[in-house]
Amino acid sequence: MNNQSKAAVNAGVHGSTGTEFQKHCALYFLFEKYNDLKDRKYFICIEHHDDFLFCYQNSDELISSIDSYQAKKSSEKWEMSGLYELLRKMTGVGLSLNADSMPKVNNYTHNLEFITNNSIQLSNGLRGKGKNKSITINESNSRLKFTDLDTEITNKIEAELTKLLGKDLEGLKELNNVSLAYIDFPKKSAGQKDSLVGLLSRIFGEKVSDHRAAVDALLLLFRDVENTLNQGNVVKLMDESKRVSSASINDAIDIITTKTMAFDLWRNEEKEVCRNLEISIPDKSEFKLNFINSFDRFKDYRQVEHKKILSFVKENSNIMYRFTVETDCILELYQMFRKNISSQLSELSIKAAIYAAYIEVRGQL
């Protein structure tokens, strides 16, 4: 492993209570890139090689590119002296990504980005009128690549990094993949989450009823892999236990948006659905709970009975074109299922699952 001690490999895992900022940044970039990512194959790693990675794959699951992030919150402006050790670590990450055995395309590339919620002051270190060259990364100039900096500033960085690297200077070439960026995030975790809720609201709008709960659900995906130790103290992109896949993210977003649609439909059609499916007043609460939970169960391979109902509704979706009233169609599907398919579920659960399956399948037509 390049420039990473075995003790450091799981350091972030053991110290996970202090990494809220990293997870919030990962979700921020997921939202920011969502329109480009929603139809792509990728996975996100937390505390794996670096604070977090976005790994993009082609149709053959070869890695085509990686965006690697080193995320640090700060209450003070970053000066050059505070950046050299971070840059040394990032160049080591670049070498580790190249050496990782995960299959890659021939023209594979990666970016190594340092992100922070405070300004970054870069300079050539010289003083005196006409000698000093400096540039600031902040709200109005939020991202710069190392290769775009003034030559005197890059020379200063290379000289200081050479001192840190000692005899092994292989990491110097990774500076060309480095960028530094400002992220407009509050200092406190609660404020960062408020920003994420606002960002999600702008992307999904009324498709999501509870934006804060949706943010919590997506952060939970990151927390599960964050707390998984790197097996054998070895970091490998092949380790699926350290990934959040695009399929998992799409499933979570699908559940979040589908549940919102289900709640809306329930509010509008509760009386008619209950009358057509003969749901008694005392059974309404349990029926509603079964109905909402059915969307999660459709995606759980262990819920065989629910997957059977979803498959039945999919196979008979053509009957939806015969009806103009949705509750009549749901009743017909229920009666067809009871006539032709046996199930271990209760009558109430079957009715709720048929109703949920109808909404799920209708949305795909």
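The values are calculated or read from the model by the stated rules, or taken from the named source; none is laboratory data. Not measured: the values here are computed from a predicted model. Neighbour counts run over all protein chains shown; Cβ positions are idealised from the backbone, glycine included. When the accessible area is computed, the model is the full protein with side chains, heavy atoms only, and any ligands, DNA or RNA have been set aside. Shrake-Rupley method; radii C 1.70, N 1.55, O 1.52, S 1.80 Å.
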What is the mean projected area of the alpha carbon convex hull for the stretch 158-304, to one decimal in square nanometres? 14.9
Kindly flag which residue pairs out of 188/236; 41/259; 299/339; 187/242; 133/193; 89/129 have an alpha-carbon separation exceeding 30 Å in this structure. 188/236; 133/193; 89/129
Between the modelled labels at residue 248 and residue 72 (7 Å from Cα along Cα→Cβ) the distance in nm is 2.8
As computed over the stretch 299-350, the Cα convex hull volume per residue (Å³): 86
Just to be sure I follow: if Rg is taken over the C-alpha atoms of the chain and Rh is the Kirkwood radius over the same atoms, what is Rg/Rh? 1.10
Per the helix-only model, the chain has a calculated mean residue ellipticity at 222 nm (DSSP H runs of ≥4, -39500 (n - 2.57) each, divided over all residues, rounded to the nearest 500) of -15500 deg cm²/dmol
For Cα pairs less than 8 Å apart in space and 6+ apart in sequence, what is the mean separation divided by the residue count of the chain, i.e. the relative contact order in percent? 17
Excluding residue 68 itself, calculate the net charge of residues whose Cβ lies under 9 Å from the Cβ of residue 68, where each Lys or Arg counts +1 and each Asp or Glu counts -1. -4
On full extension of the chain, what length is gained from residue 272 through residue 296, given 0.36 nm per residue of separation minus the C-alpha to C-alpha distance? 6.2 nm
Taking the dipole of the chain about the Cα centre (Lys, Arg +1; Asp, Glu -1; charges at Cβ), the one of 115, 313, 74 that reaches farthest to the positive side is 74
Can you tell me how much longer the chain between residue 216 and residue 304 gets when fully stretched, taken as 0.36 nm per residue apart minus their C-alpha distance, in nm with one decimal? 28.9 nm
So if I restrict to the alpha-carbon atoms in the stretch 132-171, what is the Rg, and what is Dmax, the biggest pairwise distance, in Å? 12.5, 39
Compute the semi-axes of the equivalent ellipsoid of the stretch 70-160, taking the square root of 5 times each eigenvalue of the Cα gyration tensor, and list them largest first in whole Å. 27, 16, 12
With a Förster distance of 41 angstrom and the Cβ-Cβ distance between residue 201 and residue 321, calculated FRET efficiency to the nearest 0.05 equals 0.70
Determine ³J(HN,Hα), in whole Hz, for all residues of the stretch 149-162 in sequence, where each value follows from phi through the Karplus function 6.51 cos²θ - 1.76 cosθ + 1.60 and θ = phi - 60°; x replaces Gly and Pro. 6, 4, 4, 5, 6, 5, 4, 4, 5, 4, 5, 5, 5, 4
Once the principal axes of the Cα atoms of the stretch 220-365 are found, what is the range along each, listed largest first in whole angstroms? 59, 29, 28
Mind listing P(r) for the stretch 247-293? All alpha-carbon pairs, 5 Å bins, whole percents. 5, 20, 26, 21, 12, 9, 6, 2
Rounded to the nearest whole number, the Stokes-Einstein translational diffusion coefficient of the stretch 253-335 at 20 °C and 1.002 mPa s (Kirkwood radius, C-alpha pairs) in µm²/s is 155
Return the carbon/sulfur percentage of the accessible area of the stretch 255-319, one whole number, probe 1.4 Å, all protein chains in place. 48
If I take R0 = 45 Å and measure r between the Cβ atoms of residue 347 and residue 102 in this structure, what FRET efficiency does the formula 1/(1 + (r/R0)^6) give, to the nearest 0.05? 0.35
To the nearest 20 Debye, how big is the dipole of the chain about its Cα centre, given +1 on the beta carbon of each Lys and Arg and -1 on that of each Asp and Glu? 520
Between residue 39 and residue 131, how high is the FRET efficiency from 1/(1 + (r/R0)^6) when r is the Cβ-Cβ distance and R₀ = 51 Å? Nearest 0.05. 0.50
Please report how far the C-alpha centroid of the stretch 20-54 lies from that of the stretch 297-350, rounded to the nearest whole angstrom. 36
Rh_Kirkwood(the stretch 119-225) over Cα pairs, Å, one decimal, evaluates to 17.4
